[in-house]
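**Q** I'd like to ask some things about the structure below.
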């Protein structure tokens, strides 16, 4: 299995490389925002903030299918440990067209929402 460039960019904490893996019209479905974030620049800004909020971030597994990747991770947000999954939908060029993030447990999701809210409120649409 070949690691997707999205994973490599996240693990390197390289926001420019991460942005380059996103399609121009990428849609990001956050576990804490009602409306998705849309567009490479907006999603890059959100993910840059996520990189600052998550501590001890580690991908623990990667699942691959045609035009789809699932990356399982652990991290901490403040004092809360979280487990999560990044689901990547890919176009034929391998760019991420949709990113859906799921996180557990609820206490970790709440901690993430509290940490991220002030950072991305200006990007939210409803």
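**Q** I'm trying to understand the selection: among the residues of region 62-81, which are closer than 21 Å to residue 26 by Cα, assigned to a strand (DSSP E or B) and either over 14 Å from the mean Cα position of the chain (by Cα) or in contact (Cβ under 8 Å) with a residue 24 or more places away in the chain (or both)?
**A** 62, 63, 64, 65, 68, 69, 71
**Q** Can I ask one more? Against the conditions (1) farther than 15 Å from residue 5 by Cα; (2) not in a strand (DSSP E or B), where does residue 16 fall short? Just the number, please.
**A** The failed condition is (1).
**Q** Looking only at region 28-56, how many residues end up being assigned to a helix (DSSP H, G or I), under 12 Å from the mean Cα position of the chain (by Cα) and within 14 Å of residue 96 (Cβ to Cβ)?
**A** So the count comes out to 4.
Bear in mind these aren't lab numbers, they're just calculated from the coordinates by the rules spelled out. Predicted, not measured: the structure shown is a model, and the values here were computed from it. Glycine also receives a Cβ, built like all others from the backbone with ideal geometry; neighbour counts cover every protein chain displayed.
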